[in-house]
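Asker: Dropping the structure in here first, questions after.
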Amino acid sequence: MSLSLLSSAPVGFAAPLPAVRPVAQPAAARSTPPVMETIDDLKSLAVKANPVVGYWNPTPLADMGFWGQSQEATIGFLRHAELKHGRVAMAAFVGFCLQSNGVHFPWACTLEGTTFGDIAAAGGPAAQWDALPTNAKLQILLLIGFFELLSENTYALAQSGQKHYMRGGKPGVFPSLKKVGIPVPVPLDLWDPFGFTAKMSQEKKDAKLVTELNNGRAAMLGIMGFVAASKVPGSVPALDGLIAPYSGEVMAPFSAGDSALPFVEGMLKASPF
């Protein structure tokens with residue numbers, strides 16, 4: 001049969017055309033805005049963390065837009081900062097208790113033979129930091145800086161399937177060292193080395209995050225109480241006689257033993273302590 005005959009056939013005998021459906025676009029081609037936390041999310045979280053106090057915001061920080069960013073991005077920054085500082089404070093609180101009671105490693109901490117016992121003999125935790133060799137302090141600060149840069153790096157976060165906390169990512173997330181390609185000395189990752197969190201349900205993870213938030217807040221108050229009691233005796237009556245006094249500058253990363261570093265000598269001259 002010729003094409004002309006097909007085209008002239010009565011419409012009633014023509015085969016029905018299939019319904020036209022829109023072609024689904026692949027998920028990667030869709031542009032979906034990132035999910036960001038809002039003030040309402042903060043209020044909901046506040047009730048979960050402490051139903052007695054609830055949402056209490058004495059500062060306008062959550063209502064601001066840092067660096068010209070949106071309010072949601074600012075909330076992401078504040079949430080990430082609180083979780084990060086809470087984790088550091090929890091480690092600092094435990095470390096302060098151990099160091100104040102003479103607990104230390106039994107081996108040397110430098111190639112010159114300086115032992116952890118020598119450092120512990122300097123006094124309280126703040127005095128022990130001052131007693132560390134300059135190179136040890138620099139190594140610690142550089143390692144902290146490395147972790148900070150890695151946690152902010154978009155590529156490193158993407159390798160773990162995450163986004164930046166100011167771009168729709170989860171506050172408090174730390175990327176996997178293995179997935180970034182950084183060799184680690186042991187077959188364990190820095191975050192969740194034994195995979196306990198990966199096996200939890202989302203509900204349990206959310207509950208654990210609220211617990212971590214509360215513990216971090218308590219630890220921040222605790223470590224600041226320790227520092228205040230060591231610097232200003234009597235400022236925390238409950239800690240009178242329990243904390244070794246400290247005469248140095250608690251906010252200065254370097255002391256007189258580090259005067260060989262640039263600007264340290266000038267910093268010490270400017271310090272009122």
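Asker: Run the numbers on the chain and let me know its relative contact order in percent, using alpha-carbon pairs under 8 Å that are six or more apart.
Answerer: 19
Asker: Could you calculate the contour length gain from Phe194 to Ile140, that is, 0.36 nm times the residue separation minus the distance between their Cα atoms, to one decimal place in nm?
Answerer: Gain on extension, Phe194 to Ile140, equals 16.9 nm.
Asker: Using 1/(1 + (r/R0)^6) with R0 = 22 angstrom and r between the beta carbons of Leu111 and Val88, what's the FRET efficiency to the nearest 0.05?
Answerer: Calculated transfer efficiency: 0.20.
Asker: Per DSSP helix of 4 or more residues, -39500 (n - 2.57); summed, then divided by the residues of the chain. What does that give at 222 nm, rounded to the nearest 500?
Answerer: -14500 deg cm²/dmol
Asker: Defining a contact as two alpha carbons under 8 Å apart and six or more residues distant in sequence, what relative contact order in percent does the stretch 133-199 show?
Answerer: The normalised contact order for the stretch 133-199 reaches 20 percent.
Asker: To continue, here is another question. Match the structure shown to one of the listed values (i) 19.7; (ii) 23.7; (iii) 19.0 of Kirkwood radius over Cα pairs in Å, computed from it, and give that label.
Answerer: The value computed from this structure is option (ii).
Asker: Cβ neighbours within 10 Å, averaged per peptide: list 253-266, 166-179 in order, most packed at the top.
Answerer: Taking the mean over residues of other Cβ atoms within 10 Å, the ranking is 166-179, 253-266.
Asker: Determine the sum of side-chain charges near Gln71: Lys and Arg each +1, Asp and Glu each -1, restricted to other residues whose C-beta is under 11 angstrom from that of Gln71.
Answerer: -3
Asker: Filter Lys48/Lys204; Lys43/Lys204; Lys48/Lys208; Lys48/Lys163 down to the pairs with a C-alpha to C-alpha distance above 18 Å, please.
Answerer: Lys43/Lys204; Lys48/Lys163
Asker: Going by average Cβ neighbours within 10 Å, how do the peptides 214-226, 71-83 rank, with the highest at the top?
Answerer: Peptide ranking by packing, descending: 71-83, 214-226.
Asker: Next question. Distance from the Cα centre of the stretch 54-80 to that of the stretch 244-273, in angstrom?
Answerer: 34
Asker: Going by average Cβ neighbours within 10 Å, how do the peptides 239-245, 36-42, 122-128, 198-204 rank, with the highest at the top?
Answerer: 122-128, 36-42, 239-245, 198-204
Asker: Continuing with the same structure: Under the 0.36 nm per residue contour assumption, what length would be gained going from the current alpha-carbon distance of Val52 and Ser247 to full extension?
Answerer: So the extension gain works out to 66.3 nm.
Asker: Next up: I want to verify a result. In a Gaussian network model of the chain, Cα cutoff 10 Å, which of these has the top mean-square fluctuation: Gln69, Gln99, Gln162?
Answerer: So, out of Gln69, Gln99, Gln162, the one fluctuating most is Gln69.
Asker: Can you return the aspartates and glutamates within cross-link range of Lys269? Criterion is Cα-Cα under 17 Å, with same-chain partners fewer than 8 residues away left out.
Answerer: Asp130, Glu249, Asp258
Asker: Still on this structure, please answer the following. Which aspartates and glutamates, on any chain, are close to Lys199 with Cα under 19 Å apart, when same-chain ones fewer than 8 places away are left out?
Answerer: Lys199 reaches Asp189, Glu212.
Asker: Under a crude label model (7 Å from the Cα following the beta-carbon direction), how far is Asn215 from Glu203 in nanometres?
Answerer: Using points 7 Å along Cα→Cβ, the separation is 2.2 nm.
Each value in this text was obtained by applying a stated rule to the coordinates, not by laboratory testing. Because the structure is a prediction, the values reported are computed rather than measured. Virtual Cβ from ideal backbone geometry, glycine too; neighbours counted across all protein chains shown.
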